[in-house]
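Contents: one structure, followed by commentary.
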Amino acid sequence: MEEKEKKQENKQLTYDELKQAAGNLDQRYQKLLAEYQKAVQLLNNRDFDYMSFFLQMLFKVMDHAELYTDEFTKWTSGNIQNILTSFAANLQKSGEQEVKKEQKAEA
C-alpha cells in the first residue's frame, strides 16, 4: 500500500496536466477575487450608509441647537467639519490616483 502512495507522490505531471491544473487554479482565483470585491463593496456601502445616517443626525441636531447644550453642539459641529473635510480629502486623493492611472495607461 505504501509503495503505491510513494509512486503517486513521485509521479511528475505532464505539461497538459500542469496546464489544466493552472487553468483550474486561475478559475478559482478569479471566482474568489470577484467574491472578495463584492464583499469589499458591501462593506464600503455599509460604511457610507452609516456615515450618511450619522451626518443626517448631526445636521438635525444643528437644526435644533437650542435644545442641546453648548458643549454638545460644539461637538456636533466639530464632527460635521471633520467628516466633510475628510471626505473632501479622500475625493481629492482618489481623483489624483485616477489621473496617475490614466497617465500611465497613455504612456
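Things worth noting here:
- Residue in region 71-80 that is loosely packed, with under 10 Cβ neighbours inside 10 Å and either at pLDDT below 90 or out of contact with any strand residue (DSSP E or B) (no Cβ under 7 Å at 6 or more places or on another chain) (or both) present: yes
- Pairs are defined by a Cβ separation below 9 Å, a sequence spacing of at least 6 or placement on different chains, a first member in region 83-107 that is closer than 17 Å to F54 by Cβ, and a second member that is of a type outside the set (G, A, S) and surrounded by 10 or more Cβ atoms within 10 Å (Cβ to Cβ); the pairs so defined are I83/M51; I83/F54; I83/L55; I83/L58; L84/L55; F87/M51.
- Looking only at region 21-64, residues that are more than 28 Å from the chain's Cα centre (by Cα), of a type in the set (A, V, I, L, M) and under 29 Å from N90 (Cα atoms) come to 2 in all.
The values are calculated or read from the model by the stated rules, or taken from the named source; none is laboratory data. The structure presented is a predicted model; accordingly, all values stated were derived computationally and were not measured. Positions of Cβ are backbone-derived with ideal geometry, glycine not excepted, and every protein chain shown enters the neighbour counts.
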